[in-house]
């Protein structure tokens, strides 16, 4: 079972206790993982002033950062009082995707936690949101947190994808369930399993075709095979019958609606980043993120050997 050892929280720069703050504290407490909190802070006015007087700007910047460090350390001391191992850092840099990804790579955390930020569709068409860059390129599992009532999740949904041959996704379904079951066990949460049937592999190629375009008998055979695979995975992770769900439709829409209607605190799903055409149209994980029914944990495949 996947065990968290180190959690990285990317804290907001506004010095506020956001939902991600509360979720990171709750998960660190539940799992026994150490927690490292980093905040990226950058004030353009101070940077501009440095063009005129570098020494004065450096002094003003250090004073500003000290206030932020002091606030963050206060939060860490409170959390250490509950038995959590906590460290903090404030970085003078814009919270851009490149800065965040570089920091995440150096930190080597098992789970990166950050507040999710909604970006309107029109803005997404011209500017890739930071959350999307992290979803695609973050080397660790990523937890994007929306506002929720329960810092420690009470209901977790593992959404799997049986539409591709397992070797094409590098065992991603098992990793999704491994992460989800570990979090559920640590938090005492109810774990549910969902598979959405719409796409089915009918050849050795990586692309899939809608089951509606298949011969009826072949479509039924594929659906039966997928259901057998769902049952086998559920048995392996001790998920009982009432918590096993198989639905049909567009995966992103079905997952989002099902999670919202059943009041899940967290959805765990996988993603495989593919450059080129797939990069433009995005993935199920990106589409679910756009709807944000609740907090998401994005599970990555095993890294390829060097």
* Structure fact -> In nm, the gap between the two label points placed 7 Å beyond Cα toward Cβ at residue 15 and residue 62 is 1.9 nm
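Can you tell me the order of 101-112, 152-163 when each peptide is scored by its average per-residue count of other Cβ atoms within 10 angstrom, highest first?
Details: 101-112: 17.3, 152-163: 23.0.
So the order, starting with the most tightly packed, is 152-163, 101-112.
Working out 0.36 nm times the residue gap between residue 287 and residue 190, then minus their Cα-Cα distance, what length gain in nm do you get to one decimal?
Details: separation 97, 0.36 × 97 = 34.92 nm, distance 2.47 nm.
Roughly 32.5 nm would be gained on extension.
Ranked from highest to lowest mean number of other Cβ atoms within 10 Å per residue, what is the order of the peptides 62-68, 190-196, 136-142? Before the final figure, lay out the partial values.
On the way: 62-68: 13.4, 190-196: 23.0, 136-142: 20.0.
Highest to lowest by the protection proxy: 190-196, 136-142, 62-68.
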* **residue 96-residue 262 pseudo-label distance in nm [points 7 Å out on the Cα-to-Cβ vector]** => 4.2 nm
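I need the calculated FRET efficiency for the pair residue 247 and residue 302, taking r as the beta carbon distance and R₀ as 30 Å, to the nearest 0.05.
Working: r = 28 Å, r/R0 = 0.93.
Efficiency for this residue pair is about 0.60.
Mind ordering 255-263, 31-39 by average Cβ neighbours within 10 Å, highest first? All intermediate terms of the calculation are to be shown ahead of the outcome.
Values: 255-263: 17.3, 31-39: 20.1.
Sorting 255-263, 31-39 by mean packing, highest first, produces 31-39, 255-263.
Each reported figure results from applying straightforward, stated rules to the coordinates on display, with no laboratory input. Nothing here was measured: the structure is a model prediction, and the numbers come from that model. Positions of Cβ are backbone-derived with ideal geometry, glycine not excepted, and every protein chain shown enters the neighbour counts.
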